[in-house]
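S.K.: Take a look at this one; I'll ask things after.
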Amino acid sequence: MPDRLEKDLELIDEYINNRLNSAQKLEFYDRLRSDNEFMMLFKQEWELHRLMQGCKAGLDADARTRILKNIYMQSRPEADILAELMSWIVDWILKIAVPSPVLSYIK
């Protein structure tokens with residue numbers, strides 16, 4: 001059952017994002033008419049898609065950038081995050097310990 005649900009969700013996603021050819025769309029429409037469970041799943045996914053589009057449209061550019069950056073930061077490997085943190089710490093220590101005119105020559 002989970003495999004079928006996953007395949008149904010993928011099919012619905014393909015339809016919503018207009019990645020089905022004409023023959024696939026006809027099969028999709030036939031399935032909507034004949035399968036009530038699939039039709040209910042489609043309605044839920046369509047509503048979710050519609051709400052997400054409304055939320056995205058209502059966000060200003062800064063908020064979208066922050067959200068995307070947060071998603072990116074959460075998906076990065078831990079080693080990348082640690083390397084960036086170490087680099088930030090070294091830069092911070094250098095800024096404290098070394099006079100500003102000399103700092104540009106160190107980097």
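S.K.: How many residues are at pLDDT below 90 and over 18 Å from Leu5 (Cβ atoms) if we restrict to segment 19-56?
M.R.: Number of matching residues: 7.
S.K.: Let me ask something else. Take the residues in segment 10-24 that are loosely packed, with under 14 Cβ neighbours inside 10 Å and part of a helix (DSSP H, G or I), then tell me which one is nearest to the chain's Cα centre (by Cα).
M.R.: Restricting to residues being loosely packed, with under 14 Cβ neighbours inside 10 Å and part of a helix (DSSP H, G or I), the top hit is Asp13.
The values are calculated or read from the model by the stated rules, or taken from the named source; none is laboratory data. Please read these numbers as outputs of a predicted model, since none were measured by experiment. With ideal geometry, Cβ positions are generated from the backbone for all residues, glycine too; neighbour counts draw on all protein chains shown.
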